[in-house]
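For reference, the structure is listed below as structure tokens.
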Amino acid sequence: MKLTNFIDGKWQEAGEEKYTAVLNPANGERLAEVRMSTKKEVDLAVAAAVRAQKKWVLVPAPKRADYLYEIGRLMKEKKEHLAQVLTKEMGKVIEEGRGEVQEGIDMAFYMAGEGRRLFGETTPSELADKFAMSVRAPIGVVGLITPWNFPVAIATWKSFPAIVAGNAFIWKPATETPMMAYEMAKIFEEVGLPPGVANVVFGSGSEVGTAMIEHPDVKVISFTGSTETGSKVAELGGRHLKKVSLEMGGKNAVIVMDDADLHLAVEGILWSAFGTAGQRCTACSRVIVHKDVKSELENMLLAQMESLTIGDGLDETVKIGPVINKQALEKIHSYIKIGKEEGAKLLVGGHVLADGDLAKGNYYAPTLFTDVTSNMRIAQEEIFGPVVSLIEVSSLEEAIEVNNGVKFGLSSSIFSRDVNNVFRAQRDLDTGIVYVNAGTTGAEIHLPFGGTKGTGNGHRDSGVAALDVYTEWKSIYVDFSGKLQRAQIDTD
Ligand code: NAD
């Protein structure tokens with residue numbers, strides 16, 4: 001199957017252009033070939049989006065929302081199919097694949113509701129016979145750049161608020177996971193979104209991403225990916241005076257206090273650290289543990305890690321799937337050497353899994369380091385794989401200091417039964433998301449999603465906050481006094 005671009009409501013013909021293979025990370029199977037587009041296709045998509053947006057903005061928001069209800073309904077109808085495609089191309093286990101599709105469905109219905117809100121403000125004027133209000137205005141054409149680890153949910157977090165607010169978009173998915181974008185484009189076509197409102201252009205970040213950022217008619221770039229790429233996007237976007245929303249890397253920690261329910265903490269850590277093979281932006285890669293419960297927690301984790309089944313995510317009994325590709329395997333493995341050289345103690349894992357069928361895919365053993373100190377590279381850098389570091393602390397204050405002592409700020413968590421610990425922690429942990437007695441994963445779509453410091457630049461996906469990315473505030477003053485009244489002057 002050749003995946004071609006969806007531009008102006010039409011599928012481009014598959015020609016002699018460059019294509020690249022899409023591989024199943026579970027077994028190396030060739031799933032499809034995806035078009036590696038050029039600036040030319042970006043220009044076509046932007047021109048179509050500009051034309052479409054001029055009409056789209058005039059469609060009443062509740063009517064725009066009707067398309068989202070239909071998209072949500074179709075996603076629900078196709079949920080199992082979408083989840084299967086997702087697991088095949090990305091590798092996460094099918095249960096998580098279904099969960100991710102559900103996130104997209106929830107976002108469709110939630111943002112459809114915004115079609116009847118999109119609240120602005122009315123406020124008194126300082127002058128007589130004058131009316132004042134502010135409304136959200138769409139910005140125009142927006143460019144969406146998404147990563148491979150959540151190939152559908154993140155795109156829905158961006159595209160659904162964008163269109164309900166009256167924008168048109170060009171979406172460039174990650175090269176590793178174009179099939180979900182292809183499936184979504186089919187849904188956009190099926191619900192009859194006006195041509196040009198939703199466009200999907202496949203290709204590399206350097207070619208298609210750059211062309212989108214540099215295009216004068218693309219006013220907003222909403223990016224999710226690594227901090228390294230995000231910095232480049234921000235730099236280029238800044239030069240072109242774009243509004244750039246960045247959701248980037250994380251180094252998330254679970255704090256386990258001496259009064260924690262350790263069974264619950266272990267469950268939370270396993271789910272957050274090894275779910276999606278450690279490739280969630282919110283994956284727990286540090287466990288900050290109170291010294292009084294460190295060895296008990298360590299033993300409990302080791303015992304539970306033995307029972308984690310690893311393999312092809314389509315097998316319902318499997319708990320951990322593959323990592324995305326061979327480069328990811330190499331990167332993860334390089335951190336084992338780094339950790340050992342830094343003096344951390346490897347308790348379990350630390351190797352590629354290649355027994356039997358696993359040799360065909362990209363599997364890494366769930367890994368636990370202990371005796372890690374917070375300044376080590378394994379405790380500072382995003383590894384993006386199933387690798388966890390245990391860091392011992394003596395107090396809540398120290399735990400919070402260790403949590404905050406990294407360049408990222410996406411999510412953090414504390415396990416404690418002491419209400420004072422909990423309230424201090426939720427105040428002092430400097431991440432965009434804080435969990436209490438739950439792991440670092442489990443965001444719900446109606447709350448803002450994003451992080452501080454090296455994780456973001458102040459914008460948020462999800463929740464009403466996402467609308468801020470795709471709208472401008474317009475303040476409107478209506479003077480019905482019949483005379484010229486001057487604000488700040490004619491105030492008597
Ligand atoms: P990545 O940065 O390699 O790629 C992300 C996207 O950017 C892809 O579509 C890629 O093609 C594109 N890209 C690459 N170079 C580009 C350039 N020069 N200009 C424009 N676009 C370019 O990230 P990834 O490996 O796909 O995803 C993993 C990363 O994403 C991790 O760091 C993870 O933490 C992060 N992430 C963050 C969040 C969040 O909400 N904070 C969510 C999911 C993933």
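Descriptive notes on the structure:
- Segment 158-193 versus segment 254-273: alpha-carbon centroid distance in Å: 37
- Relative to the longest principal axis of the Cα atoms of the chain, helix 294-305 runs at roughly 80 degrees.
- Theoretical ellipticity at 222 nm over the chain - DSSP helices of four or more residues, -39500 (n - 2.57) apiece, nearest 500: -11000 deg cm²/dmol
- Candidate aspartates and glutamates - alpha carbon under 18 Å from K453, same-chain residues fewer than 8 apart omitted: E228, E235, E247, E381, E382, E401, D428, D430, D461
- The amide H of L31, built 1.01 Å from its N in the peptide plane, has V22, L23, N24 as neighbours under 5 Å, considering only residues 5 or more places off or on other chains.
- Summary of packing: across the peptides 76-85, 322-331, the per-residue average of other C-beta atoms within 10 Å ranks them, highest first, as 322-331, 76-85.
- Positive-end residue, segment 441-492 charge dipole about Cα centroid, Cβ charges, pick of F449, G463, L484: F449
- Across segment 445-459, rounded Karplus estimates of 3J(HN,Hα) from the backbone phi angles (6.51 cos²θ - 1.76 cosθ + 1.60, θ = phi - 60°) give 5, 8, 10, x, 10, x, x, 9, 6, x, 8, x, 10, x, 8 Hz, Gly and Pro being marked x.
- Which listed pairs, of K92/K319; K186/K326; K2/K186; K40/K326; K232/K474, have C-alpha distances above 20 Å, in listed order: K186/K326; K40/K326; K232/K474
- Note on S475/R417: beta-carbon distance plugged into 1/(1 + (r/R0)^6) with R0 of 45 Å gives a FRET efficiency of 0.40.
- Solvent-accessible area per residue, Å², over the chain with all protein chains present [probe radius 1.4 Å]: 41
- Cα long-axis angle, helix 94-114 against the chain (0 to 90 degrees, to the nearest 10): 20
- Whole-Hz ³J(HN,Hα) from phi, Karplus 6.51 cos²θ - 1.76 cosθ + 1.60, for segment 358-365, glycine and proline x: 4, 4, 6, x, 10, 10, 10, 5
- For R486, the solvent-accessible surface with a 1.4 Å probe is about 120 Å², rounded to the nearest 10.
- Gain on full stretching of the segment that runs from A303 to K39 - 0.36 nm per residue minus C-alpha separation: 89.8 nm
- Degrees separating the helix 61-77 axis from the principal Cα axis of the chain, which is the longest one: 30
- Relative contact order (percent, whole number), the chain, Cα cutoff 8 Å, 6+ residue spacing: 19
- Overall, the accessible surface of the chain at a probe of 1.4 angstrom is composed of carbon and sulfur to the extent of 52 percent.
- Amide H contacts of V256: I288, V289, H290, F415, each under 5 Å away and 5 or more positions distant or on a separate chain (H built 1.01 Å from N in the peptide plane; Pro and chain starts excluded).
- In order along segment 25-30, the Karplus-derived 3J(HN,Hα) couplings, from 6.51 cos²θ - 1.76 cosθ + 1.60 at θ = phi - 60°, round to x, 7, 8, x, 4, 7 Hz, and Gly and Pro are given as x.
- Once backbone amide H atoms are built at 1.01 Å from N, W171 has L144, N199, V200, V201 as its partners under 5 Å, excluding neighbours fewer than 5 places away on the same chain.
- The listed residues Y477, Y69 rank as Y477, Y69 when sorted by accessible area, largest first, using a 1.4 Å probe.
- Rounded to whole Å, the principal axis extents of the Cα atoms in the chain read 78, 66, 41, largest first.
- Maximal additional length on extending the E13-R427 stretch stands at 143.6 nm, based on 0.36 nm per residue less the C-alpha distance.
- Aspartates and glutamates whose Cα lies under 17 Å from that of K345, excluding same-chain neighbours fewer than 8 positions away: E296, E298, D371, E392
The values are calculated or read from the model by the stated rules, or taken from the named source; none is laboratory data. The structure presented is a predicted model; accordingly, all values stated were derived computationally and were not measured. Every residue, glycine among them, receives a Cβ derived from its backbone with ideal geometry; neighbour counts consider all protein chains shown. The area values use the complete protein model at the heavy-atom level, side chains included, leaving out ligands, DNA and RNA. Shrake-Rupley method; radii C 1.70, N 1.55, O 1.52, S 1.80 Å.
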